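Down below is the structure, laid out as structure tokens.
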Amino acid sequence: MTIASMSPPVATRPLRRPLPRVVALVAFASLSACGGGGGSAAAASLTAPVAVIAAPAPSPSPVPTPAPSASPSTMPASAAEPAPAPSPTPTPSPAPTPSPAPASSGSGVLSEGDSISVFWGGSHTGLYAAAHPKVTFYGKAVGGSGVNDLEARVDADLALHPRLLTVLIGANDLQGATGARAWLEQLFRYTARFKAAGVTVAVGTLLPINMPDQPRYTSVHNERRQIVNAELRAAVGHEIDAVIDFAADPIMGPDTAPLDKSLYKDGLHPTDGGPNGAGGQGKLALIYTKAVDALLR
């Protein structure tokens, strides 16, 4: 049964206090039982017990849960916007492998050896340095030296970081060695240190000795120097980079050349040199200069 909600009529008399909710429900129930009529039926309905039921408090209206937004993976293909394809991770280009550089990138010329190469104004090394003021020159030869002495100086020499090493050795120790090849092996161990450091190595071929008062010294040295000089020339491109071929010179190289006092003052040491090839050392300076200049180009 539908019950229309009725507002109390506007009256001129004072308003009566509205019946409590329970009483209003009782009256409403009585009227309902009588079908809206009056008289005794109404009175009878008022005397009958009536169950009073409190109206339940209205439940709060449920708050609708918002539908979850469809993610691209659950949306229909026609509705979902296609996700952009991930950009491929760029593969870094491999760094170029640098060419192995020599351990030394030095400059200048280092001269090693015995008394024939001692650095002073009248030696072939001194003459070269004087004619080449822009070239850094380290004259480290020491009189009386042999290969053993060169090995003792190698660390100090390497510390100079030369670009080119020139060596002239053998006048003092070749004749006393156990043999030409044993002497060469020791020399090549020495030059290997410089080669490993990136230094260009040039070795001078051995000059003759002719001292009549020391025949054995003279003969052994000259015999062995022929073997050594041939091996030095063959070692170019292997154990060494170049030879400075003093022994091939037709004036300074023959076994008999030391007998000429204008070239050798005592059968072993070349005479003091000067410009334009004057003296024994001057002639060596011409040979030395040609070889060294070519190696420094």
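Under a 1.4 Å probe, what is the accessible area of the range 105-163 per residue, stated in Å²? Please report the intermediate quantities before stating the final value.
Numbers: 2580 Å² over 59 residues.
Per-residue accessible area for the range 105-163 comes out at 44 Å².
Think of a 1.4 Å ball rolled over the protein heavy atoms: the range 223-273 then has 47 Å² of accessible area per residue. Legend: distances between Cα atoms for K134/K265; K140/K195; K195/K290; pairs beyond 29 Å are K134/K265.
Which percent of the accessible heavy-atom area of the range 167-283 goes to carbon and sulfur, probe 1.4 angstrom? Each step should come with its number before you reach the end.
Details: 2620 of 4990 Å².
Here it works out to 53 percent.
Taking a ≥ b ≥ c as the square roots of the eigenvalues of the alpha-carbon gyration tensor, the range 209-273 is classed oblate because a/c is 1.5 or more while a/b is no larger than b/c.
Can you tell me the relative contact order of the range 191-297? Whole percent, Cα pairs under 8 Å, sequence separation 6 or more. All intermediate terms of the calculation are to be shown ahead of the outcome.
Working: 150 pairs, mean separation 24.9, N = 107.
About 23 percent, as a whole number.
The accessible-area ordering, largest first, of the residues R224, R189 stands as R189, R224, per a 1.4 angstrom probe. Restricting the range 103-178 to trypsin sites (Lys or Arg not before Pro) that sit in a DSSP loop and have at most 11 other Cβ atoms within 10 Å of their own Cβ leaves K134.
When only Cα pairs below 8 angstrom with a gap of at least 6 residues are kept, the range 105-166 shows a relative contact order of 52 percent. Ranked by solvent-accessible area (1.4 Å probe, protein heavy atoms only, all chains present), the residues L150, L160 order from largest to smallest as L160, L150.
At a probe size of 1.4 Å, how large is the accessible area of S219, to the nearest 10 Å²? Its heavy atoms expose roughly 60 Å² to the probe. Would you work out if the range 115-171 is rounded, prolate or oblate? Take a ≥ b ≥ c from the square roots of the eigenvalues of the alpha-carbon gyration tensor; rounded if a/c is under 1.5, else prolate when a/b is larger than b/c, oblate otherwise. It comes out oblate by the Cα gyration axes.
The values are calculated or read from the model by the stated rules, or taken from the named source; none is laboratory data. All of these numbers come straight from a predicted model, not from anything done at the bench. Positions of Cβ are backbone-derived with ideal geometry, glycine not excepted, and every protein chain shown enters the neighbour counts. Each accessible area value is taken on the protein alone, full model and side chains, heavy atoms only, with ligands, DNA and RNA left out. Shrake-Rupley method; radii C 1.70, N 1.55, O 1.52, S 1.80 Å.
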